[in-house]
Amino acid sequence: MRVTIVGSGDAFGSGGRFNTCFFVESAKGTLLVDCGASSLVALKARGLDHGRVDGIILSHLHGDHFGGLPFLLLDAQFLNRRERPLLIAGPPGTRARLDALLDVFFPRSTANKWRFAWSVMEIEPGRPVDVLGHAVTTIEVVHHSGAPSTAVRLSDGHALFAYSGDTEWTEALLPAAEGAGLFIIECYGHAGRIAGHVSWEILKPRLPDLRAKRIMITHMNPTMLAHLDEIRAARVEIAEDGKVIEL
């Protein structure tokens, strides 16, 4: 499995980073995990063809994690001229929110005669599902997004990739990370308690409890980006746009 960090930024592009998006190439196919508002631009900047993507898995329904879908779908329709089907998998409520997003950004786009079939699978947290041959489990975390916000565990039968989504510290992160070849966890700020997010001050003492082979932090605001030396000193990896990880 190969994971390319397409975007590692927060909602506000701190540090000039793109919104969250991971390009996952596995033995079973190619997936995106999250597709934030700037993800189409980021994919093109990295020379990654979204026409190769078989499916998209969404951790939660905030714009910096799923807001790129209207642009990607319409690019597939009019420029990429996609013909292969595309599956979008996300938490309960994904279809209604995506339709609303399409209609707000591009009125009447939901009535398009699509040249390719795309469909939405809604994943109940805690219930393992098959997504295009991948074993996927989502775990509900603590982050208000108008629908369940989740961590994601994704396996192709050979490698296991896990991602926290956006969340405060919660014990649900322990089973989310368990046994993963790579666990990417958000670490939005440096100190204190932050509603809906993890800070380094809270995460650092809990690192030994996250039983993944590799731990990488992402989704950092300026206070966190100013303390990257502390992360490196703790032997934790740092997500960078364009970074490629082999699992």
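Side notes on the structure shown:
- Matching residues in region 194-210 - criterion: being open to solvent by 20 Å² or more (accessible area, probe 1.4 Å) and either touching a Phe, Trp or Tyr at 6+ places or on another chain (Cβ under 9 Å) or under 22 Å from Asp34 (Cα atoms) (or both): Ile194, Ala195, His197, Ile202, Arg206
- Residue pairs whose Cβ atoms lie under 8 Å apart, separated by 6 or more positions or on different chains, with the first residue in region 92-106 and in contact (Cβ under 8 Å) with a residue 40 or more places away in the chain and the second assigned to a helix (DSSP H, G or I) and surrounded by 14 or more Cβ atoms within 10 Å (Cβ to Cβ), are Thr94/Phe66; Arg97/Phe66.
- Entirely in region 1-86, the strands (runs of 3 or more DSSP E) that have 1 or more residues that are open to solvent by less than 10 Å² (accessible area, probe 1.4 Å) and among the small types (Gly, Ala, Ser): 2-7, 55-57
- Scanning region 146-193 for residues that are open to solvent by 10 Å² or more (accessible area, probe 1.4 Å) and of a type in the set (Val, Ile, Thr) turns up just one, Thr170.
- Considering the conditions (1) closer than 17 Å to Ile217 by Cβ; (2) part of a loop (DSSP other than H, G, I, E, B), Ala162 is excluded by exactly one of them, (2).
The values are calculated or read from the model by the stated rules, or taken from the named source; none is laboratory data. Because the structure is predicted, anything quoted here is derived from the model rather than measured. Don't worry about glycine lacking a Cβ; one is built from the backbone with ideal geometry, like all the others, and counts go over all protein chains shown. Heads up: the accessible areas ignore ligands, DNA and RNA and are worked out on the full protein's heavy atoms, side chains in. Shrake-Rupley method; radii C 1.70, N 1.55, O 1.52, S 1.80 Å.
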